[in-house]
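Shown next, in structure tokens, is the structure this report addresses.
The values are calculated or read from the model by the stated rules, or taken from the named source; none is laboratory data. All values reported here derive from a predicted model rather than from experimental measurement. Here the Cβ positions follow ideal geometry from the backbone for every residue, glycine too, while neighbour counts run over all protein chains shown. Surface accessibility is based on the protein's heavy atoms, side chains included, excluding ligands, DNA and RNA. Shrake-Rupley method; radii C 1.70, N 1.55, O 1.52, S 1.80 Å.
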Amino acid sequence: MMGALIRALTNNAVENIEEALGMTDATSSAMKHAIAEWYAAWYGRAPTKTEDPCQRLPYAIVNKLCKATFGEYDSSLQHTDSAKAKYLDGVRSTFDARKTSFMTQAMIGGEAWAKPVPMPDGRLTWQIVGRDSVIILGRDASGIPSDVALCEKSVSADHHFYTLVERRTSFAGRLTIQYCLYCSDNKSTLGRRVPLASLPQYERLEDEYTFAVPIDGVGMVFLRMPITNCVDGSADGVSIYEPAMGLIHRINENELQFSREFELGRMRVVASADILRTHNGKKSLTDDVFVGLDGNEQSVGITPFAPALRNESYEARRQTYLKAIENLLGIKRGILSDAEAVSKTATEINSSAGDYSLSIIDFQHLYYDALQAALRLGNQIGQAYRLCDASAWDADELAVTWGNGVLYDADQEWTERKELVQMGLLKPELALAWKFDLPAETEADLAEIRKNYMPELKDLEG
């Protein structure tokens, strides 16, 4: 640390964001290591000396969960006749357009943010910020980040590397944003601080700005995974596949062993090592089939060798690991593993499907809350930038449906309501109100339903 301070004093250059801000990341070393491991597993493609990530299990887990969460999703605002409602409907639409990216980043890093970006044409768009791009400087009593720093990198025409450091601090309901621009000759350091006007895209930014109107949190929509921190027990969110990281490593190791087994299973010819040596124009044999063995060349000669493959044992071990991952993450049996590998009782099937449905419902609730937060934040940002007026807005205007799928069967629900009507346990008007999403709170509402949807007996006979 002293060496870093000396460098900063002598050449006016800084090495990292923490040094630039004069603050320390509140994230523990264990969490930093875990976050790096999550993203390494997500982006890992090339085999190493110990693992082969060709199955891309983190991607398979996240992709399947996101598809199940948003497979039949739809949202709308019930009334969009006013200018305010049209603006908020645009906020909803642009936020929904990033829903998969938002949920994906949260599942990978445990936490993610959606940053509102006002556009010159009056729209509000969203930039998704992953956990690997944020430094947490402080959290509030509920564990929600209240002081964060993030950066944006760009390269100028003269091949200098610029980094915009952005700090967002929430205090007493007021959001303060600080900007610092740094220039360096290489990617590894921030370099020297330069004026914001050094790049055209930042020339209109202020070094520090505090919003005059109340802004929620750090001015970004926050999404955190609903699983307990099993890394260090802190308030940091953890990746959706963190509980299975040990098993994922085991499967990657298994895959590397499996591929080597097949590679070594080809016919090998063990020959005297001197046959394989190439010198003085002597003919040589390729060493992908012929294996050189040093020793007594007189006795070795040439020996064919073809080891038996252990396909069934490797596959059985992999299936065991995949089933363990499904159990740990609450994923329905057969999502990752072979669903027909073993026979299961009806109770086991129902239990697995129930756990999976509950997991998906948790994600759906999280996103619904995030969408409501996006509309509140969009309203606040819109007033601050004069993109909309300060008129009141009702959160109940938001209507969200998750479709007629495995989690919620609307046809079955309608059948059950009709049965209740036939048994005299439910008014027909209430069943119709549910079916066609009609108001049914007053007698006038019920009368309107009878008028429009319940023909008289004589009309049916005629």
> Are any residues in segment 410-441 of a type in the set (S, T, N, Q) and either touching a helix residue (DSSP H, G or I) at 6+ places or on another chain (Cβ under 8 Å) or open to solvent by 70 Å² or more (accessible area, probe 1.4 Å) (or both), and if so, which ones?
Replying inline: 412, 422
>> Can you tell me which of (1) modelled with pLDDT under 95; (2) out of contact with any Cys (no Cβ under 9 Å at 6 or more places or on another chain) is the one residue 191 doesn't meet?
In response: (2)
>> What are the pairs with Cβ atoms under 7 angstrom where one residue, in segment 244-257, is touching a residue at least 12 places away in the same chain (Cβ under 8 Å) and the other, located anywhere, is part of a helix (DSSP H, G or I) and of a type in the set (D, E, K, R)? Sequence gap at least six, or different chains.
In response: 245/37; 251/318; 254/317; 254/318
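Does residue 206 meet the test of being modelled with pLDDT under 95, acidic (Asp, Glu), assigned to a loop (DSSP other than H, G, I, E, B) and open to solvent by 40 Å² or more (accessible area, probe 1.4 Å)?
Numbers: modelled with pLDDT under 95: yes; acidic (Asp, Glu): yes; assigned to a loop (DSSP other than H, G, I, E, B): yes; open to solvent by 40 Å² or more (accessible area, probe 1.4 Å): yes.
Against the criterion (modelled with pLDDT under 95, acidic (Asp, Glu), assigned to a loop (DSSP other than H, G, I, E, B) and open to solvent by 40 Å² or more (accessible area, probe 1.4 Å)), residue 206 qualifies.
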> Looking at residue 41, is it touching a Leu at 6+ places or on another chain (Cβ under 9 Å), modelled with pLDDT of 95 or more and over 30 Å from residue 396 (Cα atoms)?
Replying inline: yes
>> Being farther than 13 Å from residue 328 by Cβ and open to solvent by 40 Å² or more (accessible area, probe 1.4 Å) is the filter here; which residues of segment 241-256 pass it?
In response: 249, 253
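Scan the strands (runs of 3 or more DSSP E) fully inside segment 32-151 and keep the ones with 2 or more residues being open to solvent by less than 20 Å² (accessible area, probe 1.4 Å) and among the β-branched types (Val, Ile, Thr). Reasoning before the result, please.
Working: elements: 74-77, 111-118, 124-130, 134-139.
The qualifying strands (runs of 3 or more DSSP E) are 134-139.
Within segment 190-234, which residues are among the hydroxyl-bearing types (Ser, Thr, Tyr) and under 28 Å from the mean Cα position of the chain (by Cα)? Steps first, please.
Here is the first cut: in segment 190-234, the ones among the hydroxyl-bearing types (Ser, Thr, Tyr) are 198, 202, 209-210, 228, 234.
If the condition is that a residue be among the hydroxyl-bearing types (Ser, Thr, Tyr) and under 28 Å from the mean Cα position of the chain (by Cα), then 228, 234 are the ones that fit.
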>> Considering only segment 430-449, I want to know if a residue exists there that is among the β-branched types (Val, Ile, Thr), at pLDDT 80 or above and more than 28 Å from residue 85 (Cα to Cα).
In response: no
>> Can you confirm whether residue 21 is touching a strand residue (DSSP E or B) at 6+ places or on another chain (Cβ under 9 Å), of a type in the set (A, V, I, L, M, F, W, C) and buried (at least 19 other Cβ atoms within 10 Å of the Cβ)?
In response: no
> Quick one: how many residues across segment 179-205 are within 21 Å of residue 127 (Cβ to Cβ), of a type in the set (D, E, K, R) and in contact with a helix residue (DSSP H, G or I) (Cβ under 8 Å, 6 or more places away or on another chain)?
Replying inline: 1
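Checking the conditions here, which among 344, 283 is open to solvent by 80 Å² or more (accessible area, probe 1.4 Å), at negative phi, modelled with pLDDT under 75 and not acidic (Asp, Glu)?
On the way: 344 fails: open to solvent by 80 Å² or more (accessible area, probe 1.4 Å).
Sole residue among the options that is open to solvent by 80 Å² or more (accessible area, probe 1.4 Å), at negative phi, modelled with pLDDT under 75 and not acidic (Asp, Glu): 283.
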> When the residues of segment 199-236 are filtered to those that are among the small types (Gly, Ala, Ser) and in contact (Cβ under 8 Å) with a residue 60 or more places away in the chain, which remaining residue is farthest from residue 130 (Cα to Cα)?
Replying inline: 212
>> For segment 155-175, give me each residue that is hydroxyl-bearing (Ser, Thr, Tyr) and open to solvent by 30 Å² or more (accessible area, probe 1.4 Å).
In response: 169, 170
> Restricting the first residue to segment 380-391 and requiring it to be closer than 15 Å to residue 119 by Cα, which pairs with a second residue that is part of a helix (DSSP H, G or I) and open to solvent by less than 50 Å² (accessible area, probe 1.4 Å) meet a Cβ separation below 7 Å and a spacing of at least six or different chains?
Replying inline: 382/87; 387/87; 388/84; 388/87; 388/379; 388/382
> Assuming residue 68 fulfils every condition listed in (1) of a type in the set (A, V, I, L, M); (2) modelled with pLDDT of 95 or more; (3) touching a helix residue (DSSP H, G or I) at 6+ places or on another chain (Cβ under 6 Å) apart from one, which condition is it?
Replying inline: (2)
